[in-house]
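The values are calculated or read from the model by the stated rules, or taken from the named source; none is laboratory data. As the structure is a prediction and not an experimental result, all values here were calculated from the model. Here the Cβ positions follow ideal geometry from the backbone for every residue, glycine too, while neighbour counts run over all protein chains shown.
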Amino acid sequence: MATVNRQITLASRPVGFPKVSDFHLVYTPVPSPAAGEVLVRSIYLSLDPYMRGRMSDAESYARPLAIGEVMTGGAVARVVESMDPEFLPGDTVEGILGWQEYAVVPGRTLRKVDPDLAPVSTALGVLGMPGLTAYFGLLDICAPRRGETVVVSGAAGAVGMLVGQIAKIKGCRVVGMAGSDTKITWLLDELGFDAAFNYRTAADSHAKLRELCPAGIDVYFDNVGGVVTDSVIRLINAKARISVCGQISQYNLEKPERGPRWLGQLVVKQAKVQGFLVSAYAGRFPEALEHLARWLTQGKLKYREDIAQGLEAAPQAFIGMLQGANHGKQLVRLAEY
Ligand SMILES: NC(=O)c1ccc[n+]([C@@H]2O[C@H](COP(=O)([O-])OP(=O)(O)OC[C@H]3O[C@@H](n4cnc5c(N)ncnc54)[C@H](OP(=O)(O)O)[C@@H]3O)[C@@H](O)[C@H]2O)c1
């Protein structure tokens, strides 16, 4: 077994978009597990927008990473050595393991992954945090009804691609917004979205949405915020529900954006806007995973992964994801399964 671990740490706090120089590749000894702990070797690392927030020291609900600390992140891994009777060497697990090849964590923080159910990478996508986010953010907050129009931004990403498909399962009319023509073609031809358009090239996103949503918008699942969301709000119907999942258009701004002030629309439309954190639903994860796994095995949920190769590729892949280079769930392969 290897004795050297490779890790990526936070070298400096980004100003605006992160740069590769904000990360540092370091070599450390592979650690040993104490009682109750497990040594794992990561196979896939998940790259997620929330990591950008952890790199800043701006006030937020989550603790900022310290300079020199290993970047945080979920990963799928194989157990190498276990001091927890619940785990055996060779088991496949998922947990917060960080941007590194080996990790020692308490066994109680790990979730076992069934490799016979689906490819193990799905524990970071459709059968993991993004899937749970799509499930609760859409179904719990918006309660979409058959025939309603659902609009989703960030529609070709890890969460958005699942939101649109779950809305289709519920009998809704689904309209997606994403940032490239290839993504739009995929949403329409492969995922069965009813309509979709490229918000980066549309001359007027509001006019395009008006054309694509002739009956108005009943549900909006917001992954991005900013001008994309501004284009939606004037089109919401009475009693619309808006799930605020993320605001990625704002994460790398050096100065806050000033936008149209549209809260008055909520008054006249008697609409509901609710933000959420998927972690708040932890007690209901088993229920959601059962549904997601069933839809996946029935072929009702399709997914796409964008896989970078090797730990050293993680910083650039992360920066690319923040800029829209990813198509589907952004992962990094750290080892062969
Ligand atoms: N509330 C929660 O608990 C929770 C949990 C997970 C994720 N989230 C949030 O959900 C959102 C999606 O996360 P994800 O993991 O599924 O990421 P993702 O969609 O797979 O990747 C991020 C995507 O954001 C889009 N984007 C980047 N800049 C943008 C801009 N200025 N305007 C519009 N779109 C932009 C890009 O796609 P385009 O090519 O389409 O621009 C990019 O591919 C994020 O805001 C994230 O913070 C929230």
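For region 39-88, what are the residues that are modelled with pLDDT of 95 or more, among the acidic types (Asp, Glu) and surrounded by fewer than 16 Cβ atoms within 10 Å (Cβ to Cβ)? Of everything in region 39-88, those that are modelled with pLDDT of 95 or more, among the acidic types (Asp, Glu) and surrounded by fewer than 16 Cβ atoms within 10 Å (Cβ to Cβ) turn out to be 69, 86.
Please specify each residue of region 183-201 satisfying the condition of being hydrophobic (A, V, I, L, M, F, W, C) and either assigned to a loop (DSSP other than H, G, I, E, B) or in contact with a Phe, Trp or Tyr (Cβ under 7 Å, 6 or more places away or on another chain) (or both). Passing the criteria: 184, 187, 191, 193. Residue-level analysis places residue 273 outside the set of residues that are in the same structural domain as residue 163 (by TED's automatic domain parsing) and farther than 17 Å from residue 225 by Cβ. When residues of region 316-332 are filtered for being more than 13 Å from the ligand (Cβ to nearest atom) and surrounded by fewer than 21 Cβ atoms within 10 Å (Cβ to Cβ), how many remain? Here the count works out to 1. Cβ separations smaller than 9 Å between residues 6+ apart or across chains give the following pairs from region 4-28 residues that are under 14 Å from residue 51 (Cα atoms) to residues that are hydroxyl-bearing (Ser, Thr, Tyr) and in a strand (DSSP E or B): 23/9. A single entry from 293, 271, 280 fulfils the requirement of being loosely packed, with under 15 Cβ neighbours inside 10 Å and either of a type in the set (Gly, Ala, Ser) or in contact with a His (Cβ under 7 Å, 6 or more places away or on another chain) (or both): 280.
Name the residues in region 93-120 that are buried (at least 18 other Cβ atoms within 10 Å of the Cβ) and closer than 12 Å to residue 78 by Cα, would you?
Going residue by residue through region 93-120, those that are buried (at least 18 other Cβ atoms within 10 Å of the Cβ) are 93-95, 97-105, 107, 110, 113, 118, 120.
Scanning region 93-120 gives 93, 94, 95, 97, 101, 102, 103, 104, 110, 113, 120.
Checked against the criterion of being under 24 Å from residue 76 (Cα atoms), more than 14 Å from the ligand (Cβ to nearest atom), modelled with pLDDT of 95 or more and not in a helix (DSSP H, G or I), the candidates 313, 335 yield just one match: 335.
Given 116, 91, which one is out of contact with any helix residue (DSSP H, G or I) (no Cβ under 9 Å at 6 or more places or on another chain), under 21 Å from residue 131 (Cα atoms) and either of a type in the set (Gly, Ala, Ser) or away from the ligand (no atom under 16 Å from the Cβ) (or both)?
Working: 91 fails: under 21 Å from residue 131 (Cα atoms).
Every option except 116 fails the conditions.
Every residue, every condition in (1) at pLDDT 95 or above; (2) among the hydroxyl-bearing types (Ser, Thr, Tyr); (3) touching a Gly at 6+ places or on another chain (Cβ under 9 Å); (4) crowded, with 24+ Cβ neighbours inside 10 Å, yes or no:
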position: 143; (1), (2), (3), (4): yes, no, no, no
position: 152; (1), (2), (3), (4): yes, no, yes, yes
position: 172; (1), (2), (3), (4): yes, no, yes, no
position: 208; (1), (2), (3), (4): yes, no, no, no
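Among the residues making up region 202-225, those that are within 11 Å of the ligand (Cβ to nearest atom) and in a loop (DSSP other than H, G, I, E, B) are 223, 224, 225. How many residues, within region 28-81, are closer than 23 Å to residue 222 by Cβ, touching a strand residue (DSSP E or B) at 6+ places or on another chain (Cβ under 7 Å) and either away from the ligand (no atom under 15 Å from the Cβ) or not hydrophobic (A, V, I, L, M, F, W, C) (or both)? Residues meeting the conditions: 2.
For region 247-297, filtering for residues that are more than 14 Å from the ligand (Cβ to nearest atom), among the aromatic types (Phe, Trp, Tyr) and under 19 Å from residue 157 (Cα atoms) leaves 1. Name the single residue, out of those in region 221-253 being β-branched (Val, Ile, Thr) and more than 18 Å from residue 148 (Cα to Cα), that is surrounded by the fewest Cβ atoms within 10 Å (Cβ to Cβ). Per the criteria, the residue is 227.
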